[in-house]
Number of protein chains: 2
Amino acid sequence: MNHITSDGLQQSPASTQAPEPGKVTTGPIWGSRKVYSSPEKHPDIRVPFREIALDPSAKEPPLRLYDTSGPYTDTEIAIDVANGLPKIRTEWLTRRGFAKATPRTVRPEDNGGATGDRLVAPCPAPHAVLEGGDATCVTQYEFARAGIITEEMIYVAHRENLGRLKAAEGAAVRRKDGEDFGAAIPEFVTPEFVRDEIARGRAIIPANINHPELEPVIIGRNFLVKVNANIGNSAVTSSAAEEVEKLVWSIRWGADTVMDLSTGRNIHNIRDWILRNAPTPIGTVPLYQALEKVGGEVSKLSWEVFRDTLIEQAEQGVDYFTIHAGVRLAHVPLTAERVTGIVSRGGSIMASWCLMEHRESFLYEHFEDICDIMRKYDVSFSLGDGLRPGSVADANDAAQFAELETLGDLTKIAWAKGCQVMIEGPGHVPMHKIRENMDKQLRDCHEAPFYTLGPLTTDVAPGYDHITSAIGAAMIGWFGTAMLCYVTPKEHLGLPNREDVKVGVITYRISAHAADLAKGHPSARLRDDALSRARFSFRWEDQFKLSLDPDTARAYHDETMPKEAHKTAHFCSMCGPKFCSMRISQGIRDDAQRIAGMEQKSREFRDAGNKVYVPAE
Amino acid sequence: MNHITSDGLQQSPASTQAPEPGKVTTGPIWGSRKVYSSPEKHPDIRVPFREIALDPSAKEPPLRLYDTSGPYTDTEIAIDVANGLPKIRTEWLTRRGFAKATPRTVRPEDNGGATGDRLVAPCPAPHAVLEGGDATCVTQYEFARAGIITEEMIYVAHRENLGRLKAAEGAAVRRKDGEDFGAAIPEFVTPEFVRDEIARGRAIIPANINHPELEPVIIGRNFLVKVNANIGNSAVTSSAAEEVEKLVWSIRWGADTVMDLSTGRNIHNIRDWILRNAPTPIGTVPLYQALEKVGGEVSKLSWEVFRDTLIEQAEQGVDYFTIHAGVRLAHVPLTAERVTGIVSRGGSIMASWCLMEHRESFLYEHFEDICDIMRKYDVSFSLGDGLRPGSVADANDAAQFAELETLGDLTKIAWAKGCQVMIEGPGHVPMHKIRENMDKQLRDCHEAPFYTLGPLTTDVAPGYDHITSAIGAAMIGWFGTAMLCYVTPKEHLGLPNREDVKVGVITYRISAHAADLAKGHPSARLRDDALSRARFSFRWEDQFKLSLDPDTARAYHDETMPKEAHKTAHFCSMCGPKFCSMRISQGIRDDAQRIAGMEQKSREFRDAGNKVYVPAE
């Protein structure tokens, strides 16, 4: 698949094949180039976009797109994973006067005891660890509550405003067309609006003060719907670049954040490589590493080892932690009658610990301590849904909703401690039960952003669960979910390969965009309309460029019509020239627009009759 | 893809590769066998199902599934496309006393003037043409209105009742769980219910009296959501079997009906081969062939050539015709300002004709004549949406809705003439505008079944339009659409190949099933639950068998865990044994179910602690 006909146009150098050893995928996404734009009065803040120049016949200005891909698609930036990415936030953070910390000492168990040849070397990129223990404001939430607009807030406002900018950017602000279910989507996003949303707890900017390489992203119901991709280490890691490439590949196709779910050997060092090379927020589940540190024995898990892991990962720069503090001892029996029990890894570990110890969860009991640590580095909470349903049979049951209510209580505690919070959601939910999830989450969790996995709308299609879940994801995104965690075709069956990750990300970009359109985001339709105009004008190259996946669109077209001349053909392979409705319809439109009287129209159209029907080659 | 590890189990012989020349794909879908079941008191009516025997450890009866695949998956039936399929309806039709007609003589233009080597020979299977001109009741609608229950009605009632049958079939009737938006889905489908729904115009059984090979299917809001697949001839047809194979391949994966959209040479003879080998209803767009007969010149189209084509195809046995009679002269100017004009082939042809002639459409003017012809053979109407939107920008506009209102008027005329009717719908519609389509269609078209193409919920993902549209299809199916026309990954880009057709059909089965679940069809969840139980019990083989696409599910699993031992492993490749939530959760469940007191539970669980954590191999 995705074989690209060479045509002399600039193409992504490694869009389908894995990069050379030690390298990651670089170069622009086909048909676009990286541009930067600064908000008014903030020339030091440079927000990246992708710009697509259209065929001159279109007589349209270039179209700018939201760009998650980071410096990797910037031909001006030399990428070397050993150096890490430019640290664009360092100046902002320095101004905030955070103290340089004495970093925790790395211990053999942080890397799962890997030694010698099996040990992945630490990333040589420099990294000074900060902590904000003594500062009045450390987290974006604290700044927001104090009425202070941070650089990160200005950055995301400009990023979200794409297409909403007036004539200066050449794009018209659209009339509102959508149903937002009570959201408060602004016509224009100001930094003050961002601040206010964060202060209300309705949005977060996951941005650890130890992640200066970050291009800030906002996650909230009144902003564009975001997509998360999960990555994890391979059983046999041959190089750190290979692990970094998983991140690079995910964000190339549109992942806004990436969760590193690695387990086993070398996870500390690999996480370092990933963070130093990550322009997107990175999330983790610290419980996984804590369990590794005690040899995989749940009964040996303790607050102490968990606490140590939080600090370790926070110092590295992880932007958000999944914390399964809502799995309480009393909730576990509620899962006994389920068809698929507990399907969250973290949830099953904590449920198991609670039963073994017959004690309340240490995550729940130490929740305030966890807040104190996370606040110090501005690590955002992603309150885990350890009791999410694993089948449509278990959707919206007592266990799931009891946990959700607990997460609402914990949200208030985390806010009181100054932390940013989002809430994880299901899972497997049939369509008619999706809305209830969203409504209950908004109510019980006080409008903290919702971050769902799918949901899958049926259980009968292993191998196609990116699709079963894209349906649920689009719907729940429309209803108000702020971020969608992707699902790949391998879900429930195996480990996703390179192609699976790409398909998963593109699929979720579809769901997120369909949700943005339906919510009525002022500029969401610009790309659809540009692509539709290209389609109606038979500007094939423009159609490819404007696609979520230009390489695949082009390859599919070339499969049936490989010749270069076909790229300008005023028909396509499906119907051929004789049955091409768009071709016929263009004649109709040209005509109907030119003249008013139907009599004359009829005459002219008849005269032009032969133009509409040309012989097939 | 889809490489199947040989394991001695019965497998489909040609599930991924094209069959040998002159042959079509036969053999059971992996893990299932064909069974037949007869309604009480009707031993002569044999309704096919697929039955999946589960692993003995499941202690569950075999699960039966709705089966669209026809005799091709029955190992007892010898398939020879030259003979055609068994004519299961002949006796029923004979009893109705229809007259044998003198068939219309086939003319060279019926086959696009193909001669000599380029002419595909007619299908040798015997075919006696019937017509019901003089009979009181010919159509299912007429029988239903007269209070007569036909064999077809009994057949579909039994087919739809799968899983709703009481203890006799071993499946419990489920408590209602769904939101049906005012539909009237019965707990149990009786033939009388079917008759009543048809008499009200709320459902159709497309069943031409010249298609005795048909396994009847019902299309209506109160029945299971159906899926249509489109097929068409290749530019170079090497054999008739190759064209029949497209049908066989589509229904193997779950297409309930198939539309033959062929154009060009040999279409009459190929249609004959398809019909004599089609167990599903076959639909066509007669306008395409009519245009071929006049050399592709729209201005030469006339009622006479159209009428001749209707009779030609009706005699062959086509079960439903798309008739674009709603594209009226006055509607055409409404499309002038559209972003993508007219995107329906039939719509653009008729709009073009109206403008050229400056006359009302001959389809509209001769609508009653069309009814008279279609009634004679019981060809159902699929009233075409020639003005459907081709972009989200054009969704729900004046042109689209003006046509829909006209289709409502035509529905009443067709009913008055005794015909069965369904209504075609869009197209490209963002999520927030989908519901309006369904509600308006129900209202304006008097509850005649809706049959939509997707809709696509965004325009930005060429190459993935099976997914952009699966979202819209699931939603509109939930809201009440009776049949969903599939979209393949090649939509807008090229001709679908074998793999594309399969992916398109499976994707639409997902949408249809997600809709059935959400509507609360009494037995829809049986398959989900069986698969989820298999998942929770690590019955991998059962999971594959219960999947919509067993071959792909198995291949994906084998990619990461190829060994036979892994098919019984109590974990999978994603998390490994240490992090397997289902494994841990099973321990929790076993425990929680066995004992009541939490103290004791804790103690026992701790004792069993080592069982939950086994070392990885």
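Here are a few things to note about the model shown:
- Residue B:518 vs. criteria crowded, with 24+ Cβ neighbours inside 10 Å, in contact (Cβ under 8 Å) with a residue 40 or more places away in the chain and closer than 19 Å to residue B:543 by Cβ: no
- Of the residues making up region B:99-107, not a single one is closer than 30 Å to residue B:308 by Cα and in contact with a Cys (Cβ under 8 Å, 6 or more places away or on another chain).
- Flag for residue B:102 being without any contact (Cβ under 8 Å) to a residue 40 or more places away in the chain and either assigned to a helix (DSSP H, G or I) or touching a strand residue (DSSP E or B) at 6+ places or on another chain (Cβ under 6 Å) (or both): no
- Any pair with Cβ under 6 angstrom, 6 or more apart, that starts in region A:415-442 at a residue that is at pLDDT 95 or above and ends at one that is part of a strand (DSSP E or B) and of a type in the set (S, T, N, Q): A:420/A:380; A:422/A:382; A:424/A:382; A:425/A:452
- Considering residues of region B:469-506 that are in contact with a Pro (Cβ under 9 Å, 6 or more places away or on another chain) and among the hydroxyl-bearing types (Ser, Thr, Tyr) only, the residue nearest to residue B:233 (Cα to Cα): B:488
- Residue B:567 falls short on exactly one of the conditions (1) at pLDDT 65 or above; (2) closer than 22 Å to residue A:458 by Cα; (3) more than 7 Å from chain A (Cβ to nearest Cβ), and that condition is (2).
- Taking each residue of region A:460-481 that is under 15 Å from residue B:509 (Cβ atoms) and facing chain B (nearest Cβ under 9 Å) and looking for partners that are outside any loop (DSSP other than H, G, I, E, B) and acidic (Asp, Glu) with beta-carbon atoms closer than 8 Å, six or more apart or interchain, yields A:460/B:528.
- Residue check, residue B:442 buried (at least 24 other Cβ atoms within 10 Å of the Cβ) and either more than 23 Å from the chain's Cα centre (by Cα) or assigned to a helix (DSSP H, G or I) (or both): no
- When every residue of region A:523-538 is checked against the conditions, none turns out to be at pLDDT 65 or above and farther than 30 Å from residue A:176 by Cα.
- Qualifying residue in region A:38-60 (condition: among the β-branched types (Val, Ile, Thr), surrounded by 15 or more Cβ atoms within 10 Å (Cβ to Cβ), modelled with pLDDT under 95 and part of a loop (DSSP other than H, G, I, E, B)): no
- Candidates in region B:103-129 are the residues that are buried (at least 18 other Cβ atoms within 10 Å of the Cβ), on the phi < 0 side of the Ramachandran plot and touching a Lys or Arg at 6+ places or on another chain (Cβ under 6 Å); of these, the one that is modelled with the lowest pLDDT is B:114.
- Here residue A:244 passes the criteria (1) closer than 15 Å to residue A:122 by Cβ; (2) of a type in the set (A, V, I, L, M, F, W, C); (3) modelled with pLDDT under 95 except the one numbered (3).
- Restricting the search to helices (runs of 4 or more DSSP H) fully inside region B:319-434 and requiring at least 3 residues that are over 27 Å from residue B:480 (Cβ atoms) and small (Gly, Ala, Ser) gives B:345-357.
- Once region A:306-332 is narrowed to residues that are under 24 Å from the mean Cα position of the chain (by Cα) and within 14 Å of another protein chain (Cβ to nearest Cβ), the residue that is nearest to residue A:405 (Cα to Cα) is A:324.
- Candidates in region A:363-394 are the residues that are acidic (Asp, Glu) and surrounded by fewer than 22 Cβ atoms within 10 Å (Cβ to Cβ); of these, the one that is nearest to residue B:533 (Cα to Cα) is A:365.
- Enumeration of residues in region A:261-294 that are assigned to a loop (DSSP other than H, G, I, E, B) and within 14 Å of another protein chain (Cβ to nearest Cβ): A:261, A:262, A:263, A:264, A:265, A:285, A:294
- Any chance residue A:148 is at pLDDT 95 or above, in a loop (DSSP other than H, G, I, E, B) and surrounded by 16 or more Cβ atoms within 10 Å (Cβ to Cβ): no
- Some residue of region B:346-362 being away from chain A (no Cβ under 14 Å), more than 19 Å from residue A:580 (Cα to Cα) and crowded, with 24+ Cβ neighbours inside 10 Å: no
- Filtered residues of region A:205-242 (kept if surrounded by fewer than 24 Cβ atoms within 10 Å (Cβ to Cβ), touching an Asp or Glu at 6+ places or on another chain (Cβ under 8 Å) and small (Gly, Ala, Ser)): A:232, A:234
- Qualifying residue in region A:177-190 (condition: at pLDDT 95 or above and part of a helix (DSSP H, G or I)): no
- Breaking point among (1) closer than 16 Å to residue A:320 by Cα; (2) more than 14 Å from chain B (Cβ to nearest Cβ), for residue A:444: (1)
- Any hit, region B:243-260, residues being outside any helix (DSSP H, G or I), touching a residue at least 60 places away in the same chain (Cβ under 8 Å), surrounded by fewer than 24 Cβ atoms within 10 Å (Cβ to Cβ) and among the β-branched types (Val, Ile, Thr): no
- Count - residues of region B:69-79 that are in contact with a Lys or Arg (Cβ under 9 Å, 6 or more places away or on another chain) and more than 14 Å from residue B:278 (Cβ to Cβ): 5
- Where helices (runs of 4 or more DSSP H) sit wholly within region B:507-561, those with at least 2 residues that are within 7 Å of another protein chain (Cβ to nearest Cβ) and among the polar types (S, T, N, Q) occupy B:550-560.
Residue-by-condition table, conditions (1) of a type in the set (Asp, Glu); (2) buried (at least 24 other Cβ atoms within 10 Å of the Cβ); (3) touching a Lys or Arg at 6+ places or on another chain (Cβ under 8 Å):
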site	(1), (2), (3)
B:449	no, yes, yes
B:454	no, yes, no
B:474	no, yes, no
B:495	no, no, no
B:510	no, yes, no
B:525	no, yes, yes
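- Annotation: of all residues in region B:215-242 being in a helix (DSSP H, G or I) and of a type in the set (A, V, I, L, M, F, W, C), the one that is nearest to residue B:520 (Cα to Cα) is B:241.
The values are calculated or read from the model by the stated rules, or taken from the named source; none is laboratory data. Not measured: the values here are computed from a predicted model. Here the Cβ is made from the backbone with ideal geometry for all residues, glycine too, and neighbour counts use every protein chain on show.
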